[in-house]
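See structure below.
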Amino acid sequence: MALSIVECLIASTISVSRPLRICHECDLVSVIPPLDYSQSARCPRCDHELMARKRAPAQHALALAVAATVALVTALAFPFISFSARGIERAISLTDAIAILSSGSYTLLAIVLWLVLVLIPLLFLAQMIWIHAALLLDHQPPKARLMLRALRHFEHWMMGDVFLIGVLVSLVKIMSLATIGFGVSFWAFCLFVVLMLLLTRSIDSDWLWERIAAEPPPPAHVVAGDSGRAQKVAGCPVCGTLNDYRHHSPCPCHCRRCGEKLHLRRRFSLQHTMALVLLSILLYIPAMVLPIMTVSSLDETTTQTIMGGILLLLDHGDFPIAAIIFIASVVVPIAKLLALGWLCLKVRRPQPWRPEVRTRLYRITEFIGRWSMIDVFVVALLAALVRLGSLMSVSAEPGIIAFGAVVVITMIAAMSFDPRLIWDAVDSNPGTDSGADTSTSSSPAAAGQPQETGP
Ligand SMILES: [Zn+2]
Ligand SMILES: [Zn+2]
């Protein structure tokens, strides 16, 4: 339930006693009101979450991180899935699947699986346990700043949830050809995915940073209700601290609290994003034209492209799975490339069209990109699992490497786009209709007062 705004005091008079935050998506400086447990403060202009308080953050995060680690280790140690056809049975663990792929000609696929399913989640969990356990014991964990900065970057590249959907799609594809059995590891992996979702929602980043290093006061000249760029102040996306940028422009500065490299605007953001979008478009052609896998059996050998696989699923009547693959492999990549290209081309318009809608579009683009990896995981799993010699086997083909590259490059393209550019034209033309409610001086957006939400 959304609560009303607690107070609407003049921002500049209260900024000395309450933390200031700069929105990472629209660059508005806001004063954070006192927050109770489970409440969050959102940007009044673009609705981006500025701060969220959690109840007993260390205890919850530590318990979930330990449980997720146990679940992941269990998922790696035992058989994950079994597959039997015409009297031959085969069971593999996740580590077997990665080893099989790396011993064949699919080393790149094996490296991707190893990184997004094992190495990055394990590093993330180890750091979470280390930091939270140390803080609960009243110790300052060594290298805590470096680890907290790394945690933020790891979150984008953990794909257990996407892999799980890929596993279910793989099973539907081969269910008519063989009998499938789930091992202990499959259920442990399902538990791991749920625990990771809970864990990432339980992290209280501001509480963590407050315990690691007290927040330095904001530069004296900063007031709420104006953009950070106009006041030459850079907000840290990792720890939230405001940093004086007046003596650094145009060079980057480093956050005085966590050491993160900061820019008032990411340099050459549009150029980098457009270059990556163009590269993705070029790679998307072979990804759609070349076969992604070959299925060999006693009767026949067929190669499948992405669209061929979808049509085959439709032929078999698997409409929901065909829809999932079509959305993940065709609709999402194309929509993402179009959205990023459109955002880059329109960002410098002097009369911006509804910046809050464009910010929402960017947010969706950034969120959905990783789900396109479903097809990559489907092919990787089938190529590792279905190996019954001349009876039946599945092998990956170059199209899937091109498609995986498209997914990764579009993810990097979305990360390299600086959404604050969308709002620059609004800030330089204050009379422009931005679609946000900034018409009255007592409105929260005008005063830089964030909206407060809670249960
Ligand atoms: Zn904002
Ligand atoms: Zn920082």
Bounding extents of segment 175-291 in its principal axis frame from Cα atoms, largest first in Å, are 69, 41, 25
Three principal axis lengths of segment 40-144 [C-alpha, angstrom, descending]:
60, 39, 26
Largest first and rounded to whole Å, the semi-axes √(5λ) derived from the alpha carbon gyration tensor of the chain read 44, 27, 18
Report Arg387's accessible area, 1.4 Å probe, all protein chains in place, as a number in Å² to the nearest 10.
90
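How much area per residue is accessible in segment 11-153 when the probe is 1.4 Å and only protein heavy atoms are counted (Å²)?
Numbers: 6300 Å² over 143 residues.
Heavy-atom SASA per residue in segment 11-153 reads 44 Å².
If you add up the charges near Gly404, with Lys and Arg at +1 and Asp and Glu at -1, over every other residue whose beta carbon is less than 14 angstrom from its beta carbon, what do you get? Write down the numbers at each step before the final one.
Working: positive: Arg370; negative: Asp375, Glu397.
The answer is -1.
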Over the Cα atoms of segment 94-139, what Rg and Dmax result, in angstrom?
15.5, 50
About its Cα centre, the chain carries a charge dipole, from +1 on Lys and Arg Cβ atoms and -1 on Asp and Glu Cβ atoms, whose size in debye to the nearest 20 is 1000
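Which entries of Lys143/Lys346; Lys261/Lys336; Lys54/Lys173; Lys173/Lys336 show an alpha-carbon separation above 30 angstrom in the structure shown? Mind showing how you got there, number by number?
Values: Lys143/Lys346 42 Å; Lys261/Lys336 27 Å; Lys54/Lys173 42 Å; Lys173/Lys336 27 Å.
Lys143/Lys346; Lys54/Lys173, as the Cα separations exceed 30 Å there.
What is the sum of charges, Lys and Arg at +1 and Asp and Glu at -1, for the other residues whose Cβ falls under 14 Å from the Cβ of Leu123?
Numbers: positive: Lys143, Arg149, Arg152; negative: Glu155.
Taking every other residue near Leu123 into account, the sum is +2.
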Among the aspartates and glutamates, which fall within straight-line cross-link reach of Lys232, defined as a Cα-Cα distance under 20 Å, with same-chain neighbours fewer than 8 residues apart omitted?
Glu25, Asp27, Glu215, Asp244, Glu260, Asp418, Asp424, Asp427
What range in the chain is the longest one free of GluC sites (Glu not before Pro) that are in a loop by DSSP and have at most 16 other Cβ atoms within 10 angstrom?
8-299
Can you tell me, using C-alpha contacts under 8 Å and at least 6 residues apart, the relative contact order of the chain as a whole percent?
26
Of the options Leu151, Leu198, Ile174, report the single residue whose Cα projects farthest towards the positive end of the charge dipole of segment 145-253 (beta-carbon charges: Lys, Arg +1; Asp, Glu -1).
Ile174
Ile334 accessible area, assembled protein chains, probe 1.4 Å, Å²
70
Ordering Lys54, Lys336 by how much accessible area each has at a 1.4 Å probe, largest first, what is the list?
Lys54, Lys336
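Give me the one-decimal Kirkwood hydrodynamic radius in Å for segment 112-167, with the sum taken over alpha-carbon pairs.
Numbers: mean 1/r = 0.0819 Å⁻¹.
Its Kirkwood hydrodynamic radius stands at 12.2 Å.
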In whole percent, the fraction of accessible protein surface over the chain that belongs to carbon or sulfur atoms, probe radius 1.4 Å, stands at 64
For Leu198, solvent-accessible area (1.4 Å; no DNA, RNA or ligand), Å²
90
Give me log10 I(q)/I(0) at q = 0.17, 0.26 Å⁻¹ for segment 336-379, Debye formula, one equal scatterer per alpha-carbon, no solvent.
-0.54, -0.92
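Please compute the contact order of segment 278-360 in relative form: average sequence separation of alpha-carbon pairs under 8 Å and at least six residues apart, divided by the residue count, as a percent. Show your work: numbers first, answer last.
Working: 40 pairs, mean separation 14.3, N = 83.
Dividing the mean separation by the residue count of segment 278-360 yields 17 percent.
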Before I look further, what does segment 266-307 give for accessible area per residue, probe 1.4 Å, in whole square angstrom?
57
Computed over the Cα atoms, what is the radius of gyration of segment 221-364 divided by 2.2 N^0.38 Å, N being its residue count?
1.57
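The values are calculated or read from the model by the stated rules, or taken from the named source; none is laboratory data. Please read these numbers as outputs of a predicted model, since none were measured by experiment. Heads up, the Cβs are rebuilt from the backbone with ideal geometry, glycines too, and the neighbour counts pull from every protein chain shown. For accessibility, only protein heavy atoms count, side chains too; no ligands or nucleic acids. Shrake-Rupley method; radii C 1.70, N 1.55, O 1.52, S 1.80 Å.
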